[in-house]
Structures are given as structure tokens and as C-alpha cells.
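Worksheet: one structure, shown below.
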Amino acid sequence: MYTVDSRQRNKPYPLGVTTEFDCTYFSVVMKEGRDCGIILYDKKTGREKRIPFGIQNKFGSIYSMAVKDLDTSRYAYNFYDGDRVFTDPYAKVIHGHEKWGKPDHILKGGFLETEYPWENDKPLKIPYENSILYCLNVRAFTKHKSSGAAHKGTFQGIVEKIPYLKELGITALELMPAYEFNEAAKPNPAAMTMDDAREQFMVPPDLPSKYNCWGYEEGFYFSPKSAFSSSKNAAAEFKDMVKALHASQIEVIMQFYFPSHIKQGMILDAVKYWVLEYHIDGVHLKGEHIPLHVIGTEPLLTDTKLFYYDFPYPQIYEENETPKFRNLASYSDDYMYTARRFLKGDDNMLGRFLELQRRNPKQHGVINYVTNYYGFTLADMVSYEKKHNEANGENNADGSDCNATWNCGHEGNTRKKAIVELRKRQMKNALTMLFMAQGTPLIYSGDEFGNTRFGNNNPYCQDNETGWVKWNRNGSGEAVFSYVKDMIRLKKEHPILHCPNELKILDYIGCGYPDLSYHGAKAWMPELDYYSRHAGAMYCGCYAKSRNGEEDNFFYVAYNMHWISHTFALPQLPKGMEWHLLADTGSDGGIRISEEAEKEPHVEVASRTIRIYISKQEESAKDIKSRYEKSAF
């Protein structure tokens, strides 16, 4: 039988419940603090027992109590403050949310098992320049019957997909909210911030209740979502997932959305807790009023990846300070909208596009993406110009009206071969831009094989075929999937394509070539005027060495987003080297080196096409092909 140990020294911090030896410590903030205490629920009998706090348990607005010999496996708990009964916002386990879409009327806090066999597991600390990110919704990722997962829509379902993720080349998963939230509750527009409005989560106040599958609302930030678990122990299953992913050299990044009324202390506590308790590798902070300076300078988090729209870097670092581990990263839509507008051929985008292609600051990382969970998928980005969100029940008023997309001549699905082929080329163009940029690339789940949401750019409430990833690689899906794999391997194998420092467009090692240079119809003379939609970019491999100490190849990327073809000059290479075509987004093939070297100094690149050339030592074409196919490709 448990006892309240009045002689035991109470602990106001940490908030919530902790267990040490034979004592369980309860600590909570009380708004009123009159006639307040703990409610213990016996899970076997259903009986309730109230344990009042005394004045000796008060520390400011915090009440704390030690309970000795409490059988935590037998009980759940809540707190009461006068007539108000509430669930501990710091609860490590939540009872009552186990069934998706069917929360219990009264939620209760639970007790976390104190021991877990982590063995030698620890966060991976993969540098941004070596990272390939993959964003997913836990439920939507494997819920569709085509996923082939035995435990659909769960943390275990992700574990089942590890071989697939390894095949693709992913190094980190970014999970949309996977902490406990009420998917059946109607979102509260009054609690939305300007940040929410920007990302299009706002819902009209008269909207009937529906599933909020994405979870961007206030939640229980210290508990994994039990409905995402295939077992009765969501915490253990989440840890199993993290450990399995780490064993496959894949990091886990958690998204946390904090409405503006959430206290900054809780935000910091939640981030630190998940890093310590669940071994996660990073956190993507979403919302406003987040203590960015405090989080950015927290010593515990210096090895933890931290994403936000834009950190106050001058407040965190000295002017010339370079962090030992570059853990902060800017995560904004700048790259997405610039790349999309350049892709569809808008005026005055070339200069900004080239600038973002090389952006890679010394103090922080940059996360680049052309699609994300909000907005169109990759396949829809080239198939729709207008949102089609009628199924959300909001008169198509939700979701962004600014998509910066082009449908290639027809809105929605079509069988016209020319349009289908153009869409496939545009998807490959977008992927080429993404993986040839120096920042860290992120792809959204399903985009690697052309998953569609049928034009819905805000399927937050679509717990069905619209919102789920459909694993059937129909149409162009197989070709796009193969191309994504090749691009990831190319980026990983060539250090000049993922440098740890930003390229300077200077010859600072005296090799006769700058690290990066731009070209046009004439070598070294790019056409960067308002109307230009094409340019060549050359990467000099002398500035990057492979693991065995050898200099990397030269690369030349010819971007032509114009609706007419253009001539590009191939810059002269060092003596003994020659250019070989590596990829052409207008062709059916993937990334494969051509047998024949380019003999002419100029090449014609078709409309809306990107070509990649690679340097090779002069030798027989047969030898080149054989040697390259024995390498990464």
C-alpha cells in the first residue's frame, strides 16, 4: 500500500511525475491552489482516491508531493484544483487516446516504465552536408493497403519500411506531430497565430468536428501518441523505432507545434525531455513565441539538430564564431517558391535561384525542399495550378491560394502523352534542382514515386486515400523513383555536391578554376538578365576530396527552364580531362555516364530540360563505362 511521505523532501522540479527508488514524485502548477491535490484511479477496480496537497507542498505556484511505494502499474492519475479536474500537461503517458478518433471522455495521466534496454544506442550526429531528410505523417505513411505493412499507420509500420528507406538513401526522418493530440477535436481558430495562417491551418469557426490528422494543435507534449502504436505501450514502441532507425543510420527529427499561449518553460522542457528520454536526433520547432535564443544556446542541445523558420543567429553566435557541430538550421519556404517559379519559367528568378543553390552558411544549416506536407505533392505540383480542397468541407476556402505551380497545359489527370511526358520531365527537373543545391535536401513521403492527393493542397482532415501515401508506382512513378535514388547516390558519392562550407565563386587554392562558376552561350559569361531562364553552373572538384584523398570530378549543370532550346558552352577542362553526359531530364534514362565524350565545345539543351555533365580522364569509352558502373552506380 502506498503512503504519503511527509518526511520525504519534495521536488518541485521536474514538473510532472518522476520515480526514484521507492518514491514517486508529483509536481504541478496550480492556477488557484485552493483545495487541490492528486486523484489516483485504480485501473482494476475503477475506484478513485484523492490525496490533497498541503501548504508544506507549495513552492510558488507549484505543488509537489512524494508518494512512497506506489504501484505505478496499477494506477492512473489526474490533478484537481477546486472543482476543476485536469490531466497533467507533463504526463509521460496518456490513457484514453488509444483508439484513433475515439478519445475517452476523461483522459488520465499514466506512469512511464523507468527502464528500457537502449543498449549502446545514441543520437547519430550526421552533419547537415551529409543528410538526406524525409518528412512523413506516421499514420498516413503506411495506412494504405498498398503499403504492405503488417502494422499500418504506426511506429512499428515505419520500422517495417526501414529497408525501403535504406534503399532510397534516406539519412533522417522528420515526423509530423507524433506526441499525444486529440485528432477528433475541432481546431480553435482563436488560438491560431500568424505563423499558423501562413502555413494554412486556419479553419472557419463553424466547421463541424472532423479528424485533424496532422495534429498541429496544443497537445500533451511529453507523451508519444498512443493511437500511433500497434501495442499498448506507445513509449516503448517509439523507442523501439528510434533504436531500429539508428541501427540503420537513420536519424529521427520530431516536429513540435506550440500555439502562442504555451509557456516558454514548457517548450524548453519538452525539447530536452525527448532528447534525453527518447534519444531523438533533432526537433523542428513550429509556432510563435518560442524561446529561440534560450534553446539555441542550451548546452544540452548543442549536439541536437534544431530547425526553425529563422533563428536569431547574431544573438546566438559571435560574428566569426563557428559551432563545433552545426546544429541549427533555417527551415523556410524561400527555396520552395523560388525553385517552383524558376521551374515554370517565371521572369527574374534565375539570379535568386542560383543564389539559393549555393546557400550553405558556416554557422547553420539550410533545409531545402520543393514540396512539403502542406501544399501540393510533387506530382500535383506539375498537374494543378489551383487547389481542389472541396472534400475538406470548407467550400475550398482553406489551403494556400499561392502555389507557384504550372499544370503543363491541363488541370488534373490526363492521358495526353505529351503532357504526361512533360510532367515527368518537370518532376525530374525539380528533383535535380533540389539535389544539386548545396543545402540539405528534404523530400515529402510519396513524392519519390509521384504520390498524388488529387489536387488537395491542405488534406489535414483527409484520413483516407487522399491523405494517405499510395504505394502503387503508377504511370511515371517507377521512373521518378529510380531517378530519386540515383540523385541521392550521386550527391552522397561526390563531396563537391555537398560541401561543409559555402562555395565562394573564387579560385582561392590557385588551381586555375573557382570552386563554382556560371556560364551561358559563352563560357564564363552567364546571361543573368531579367528575362533569362537558363544558365550553366560548373563545380570544380579540386575543392573537395573523397575519403581516399582523391580530388572529386568537375560537374557542369545546364539549367534550361525556357520554353525554347538554348545553346550552352562547356568550359574547357584541365588537360587530359573531357566532359561526359551524366543525366538528361528529357530522356527516359536515369543517371548513367555516356560512353562517348562531348567533342564539341557547345551543346544544345532542349526546352524545360536540365543536363548534368561530369569530367573524366581521357580513356576509352568502354573503360569509362565499365569503371563507373563498378562504382556507386
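Every number in this text was worked out from the coordinates using simple rules, so none of it is lab data. Please read these numbers as outputs of a predicted model, since none were measured by experiment. Cβ placement follows ideal geometry from the backbone for every residue including glycine, while neighbour counts extend to all protein chains displayed.
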Taking Cα centroids, how far is the stretch 373-433 from the stretch 299-313 in Å?
33 Å
With both bridge residues required to lie in the chain, what share of the DSSP beta bridges run antiparallel, to the nearest 5%?
70 percent
Between the alpha carbon centres of the stretch 24-98 and the stretch 532-587 the gap in Å comes to 65 Å
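Hey, what's the Cα Rg ratio for the stretch 308-355 versus the globular rule of thumb, 2.2 N^0.38 Å?
1.55
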Amide H to amide H, which residues 5 or more places from Asn212 or on other chains are under 5 Å from it, using H placed in the peptide plane?
Ala184, Ala185
Sum -39500 (n - 2.57) across every DSSP H segment of at least 4 residues in the chain, then divide by the residue count to get the 222 nm mean residue ellipticity, nearest 500.
-6000 deg cm²/dmol
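How many percent of the alpha carbon pairs in the stretch 130-496 exceed a separation of 37 Å? It would help to have the intermediate numbers written out before the result.
Working: 9686 of 67161 pairs.
The calculated P(r) of the stretch 130-496 puts 14 percent of pairs beyond 37 Å.
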Computed D for the stretch 501-629, Stokes-Einstein, Kirkwood radius over alpha-carbon pairs, 37 °C, 0.692 mPa s, to the nearest µm² per second, is 213 µm²/s
How would you rank 260-272, 140-152, 165-177, 532-544, highest first, on the average number of other Cβ atoms within 10 Å across their residues?
532-544, 165-177, 140-152, 260-272
Label point distance in nm, Glu385-Glu298, each placed 7 Å from Cα along Cα→Cβ:
4.6 nm
Would you mind checking the tilt of helix 417-436 against the longest principal axis of the Cα atoms of the chain, expressed as 0 to 90 degrees and rounded to 10?
70 degrees
To test your reading of the geometry: what angle, between 0 and 90 degrees and rounded to tens, separates the Cα axis of helix 264-278 from the longest principal axis of the chain?
80 degrees
Can you give the charge dipole size of the chain about its Cα centre, rounded to the nearest 20 debye, using +1 on the beta carbon of Lys and Arg and -1 on the beta carbon of Asp and Glu?
1080 debye
If you wrap the stretch 374-521's Cα atoms in a convex hull and average its projection over all directions, what's the area in nm²?
11.6 nm²
Share of pairwise Cα separations in the chain, more than 34 Å, in percent
47 percent
Quick check on packing: order 425-438, 46-59 by the mean number of other C-beta atoms within 10 Å, highest mean leading.
425-438, 46-59
Alpha-carbon centroids, the stretch 472-509 and the stretch 125-176: separation in whole Å
20 Å
Is the stretch 3-110 rounded, prolate or oblate when judged by the Cα gyration tensor, a ≥ b ≥ c being the square roots of its eigenvalues, rounded requiring a/c under 1.5 and prolate requiring a/b larger than b/c?
prolate
Please name which of Gly520, Ala76, Ala172 has its Cα lying farthest along the dipole of the chain towards the positive end, using unit charges on Cβ (Lys, Arg +1; Asp, Glu -1) and the Cα centre as origin.
Ala76
Provide the gained length on full extension for the span Lys68 to Leu276, in nm with one decimal, where the gain is 0.36 nm per separating residue minus the Cα-Cα distance.
72.4 nm
